[in-house]
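A.B. asks: Let me begin by handing over the structure; questions about it come next.
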Amino acid sequence: MNLNKLEIKRQSLELKFSNISKKIDDLEYKKHELEEIETQMALLSGSNDFQFNEKYNNKMFKIDDKIYKLEEKQGEIQDRIDSIMLKLNITY
């Protein structure tokens, strides 16, 4: 593969990496919002609403799972970027 194609591939992978970072940030923000809602619900109800807690826990689990999968994908992309950087003999 010539250098131009490798450079284009590297840039494409870095863009994907950046987009995944944005998705992770969005999910972290959503998680924070859910935590605030859960706290407010607990204060308003004065007791533990089992049904709400179960829904809250399920949503938090799903968000955490999405974040984990995105971070795995990010790691794979970073490995590919590193491989291309070695081929291009670029250090950063």
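A.B. asks: Points 7 angstrom from Cα along the Cβ direction at TYR29 and GLU76: gap in nanometres?
C.D. replies: Going from the TYR29 label point to the GLU76 one covers 2.6 nm.
A.B. asks: Let me ask you something else. Hey, what's the Cα Rg ratio for the chain versus the globular rule of thumb, 2.2 N^0.38 Å?
C.D. replies: Taking the Cα Rg and dividing by 2.2 N^0.38 Å, one obtains 1.63.
A.B. asks: Averaged per residue, what accessible area in Å² does the chain show with a 1.4 Å probe, protein chains only?
C.D. replies: Heavy-atom SASA per residue in the chain reads 79 Å².
A.B. asks: Normalised by the number of residues in the chain, what is the relative contact order in percent for Cα pairs under 8 Å and 6+ residues apart?
C.D. replies: 55
A.B. asks: Provide the solvent-accessible area of ASP26, counting protein heavy atoms only and rolling a 1.4 Å probe, rounded to the nearest 10 Å².
C.D. replies: For ASP26, the solvent-accessible surface is approximately 80 Å².
A.B. asks: Follow-up. What net charge is computed for the residues neighbouring GLU28, neighbours being all others with C-beta under 12 Å from the C-beta of GLU28, Lys and Arg scored +1, Asp and Glu -1? Please list the in-between numbers first.
C.D. replies: Working: positive: LYS22, LYS23, LYS30, LYS31, LYS66; negative: ASP25, ASP26, GLU33, GLU35, ASP64, GLU71.
Charge balance in the 12 Å sphere: -1.
A.B. asks: Also, I was wondering about something else. What pairs in LYS23/LYS55; LYS5/LYS30; LYS9/LYS55; LYS31/LYS87; LYS22/LYS87 have C-alpha atoms more than 32 Å from each other?
C.D. replies: LYS5/LYS30; LYS9/LYS55; LYS31/LYS87
The values are calculated or read from the model by the stated rules, or taken from the named source; none is laboratory data. Not measured: the values here are computed from a predicted model. Positions of Cβ are generated from backbone atoms using ideal geometry, with glycine treated the same way; all protein chains shown enter the neighbour counts. For accessibility, only protein heavy atoms count, side chains too; no ligands or nucleic acids. Shrake-Rupley method; radii C 1.70, N 1.55, O 1.52, S 1.80 Å.
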